[in-house]
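Asks: Next up is a structure, given as structure tokens.
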Amino acid sequence: FDGVLPPQIGKLRFLKSLALSNNELSGDLPQNVGLLVYLQYLNMSANKFSGRVPNISNLAQLKYLHLSDNDLTGPFPEAIQQLLNVEVIYLSGN
């Protein structure tokens with residue numbers, strides 16, 4: 001797949017797993033990803049996402065976060081400290 005990830009992704013409120021790795025997705029990560037409160041697994045690695053990581057402090061059930069090998073910039077949100085269930089974070093290659 002290629003192109004941008006639409007903001008409507010935030011309407012999938014009961015989604016538990018989102019795997020979009022190894023595509024040609026680009027642009028900013030939508031802020032609405034932070035609305036996926038039941039999300040446990042998020043893998044958007046090996047794309048062409050740019051900009052900052054959006055606020056994900058609402059993802060209280062998140063266990064796995066893989067955003068490696070994109071073009072993300074800026075500081076990682078400090079709100080990650082509030083995500084007590086996170087077991088794995090990959091951010092390399094940005």
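The values are calculated or read from the model by the stated rules, or taken from the named source; none is laboratory data. Here the structure is a predicted model, which is why all the values come from computation and not from measurement. In this analysis, Cβ positions are derived from the backbone assuming ideal geometry, glycine residues included, and neighbour counts consider all displayed protein chains. What goes into the accessible areas is simple: the full protein's heavy atoms, side chains included, and nothing from ligands, DNA or RNA. Shrake-Rupley method; radii C 1.70, N 1.55, O 1.52, S 1.80 Å.
Asks: Quick one: in region 51-94, which of the residues that are among the polar types (S, T, N, Q) and open to solvent by less than 40 Å² (accessible area, probe 1.4 Å) is modelled with the lowest pLDDT?
Replies: To start, the set of residues in region 51-94 that are among the polar types (S, T, N, Q) comprises 55, 57-58, 61, 68, 70, 73, 81-82, 85, 92, 94.
Then drop every residue that is not open to solvent by less than 40 Å² (accessible area, probe 1.4 Å), which leaves 57, 68, 70.
On the way: Ser57: 91, Ser68: 97, Asn70: 97.
Checking each candidate, the answer is Ser57.
Asks: Those residues that are under 18 Å from Asn23 (Cβ atoms), assigned to a loop (DSSP other than H, G, I, E, B) and hydrophobic (A, V, I, L, M, F, W, C), I need them from region 54-90; list them, please.
Replies: Matches in region 54-90: Leu67 only.
Asks: Return the total of residues in region 45-90 being in contact with a helix residue (DSSP H, G or I) (Cβ under 9 Å, 6 or more places away or on another chain) and not hydrophobic (A, V, I, L, M, F, W, C).
Replies: 4
Asks: Sticking with this structure for a sec: For region 3-20, indicate whether the set of residues that are out of contact with any Leu (no Cβ under 6 Å at 6 or more places or on another chain), at positive phi and at pLDDT below 95 is non-empty. Even if it seems obvious, please write down each step before you answer.
Replies: At the first step, the residues of region 3-20 found to be out of contact with any Leu (no Cβ under 6 Å at 6 or more places or on another chain) are 3-4, 6-9, 11-14, 16-17, 19-20.
From what is left, the residues that are at positive phi are 3.
Now narrow it down to the ones that are at pLDDT below 95: 3.
Yes: region 3-20 contains one or more residues that are out of contact with any Leu (no Cβ under 6 Å at 6 or more places or on another chain), at positive phi and at pLDDT below 95.
Asks: When the residues of region 9-46 are filtered to those that are polar (S, T, N, Q), in a strand (DSSP E or B) and within 15 Å of Leu65 (Cα to Cα), which remaining residue is least open to solvent (accessible area, probe 1.4 Å)? Explain how you work it out, then say what you get.
Replies: Narrowing region 9-46 to residues polar (S, T, N, Q): 17, 21-23, 26, 31-32, 40, 43, 45.
Remaining after also requiring in a strand (DSSP E or B): 17, 26, 43.
When the remaining residues are screened for being within 15 Å of Leu65 (Cα to Cα), the result is 17, 43.
On the way: Ser17: 67, Asn43: 14 Å².
By that ranking, first place goes to Asn43.
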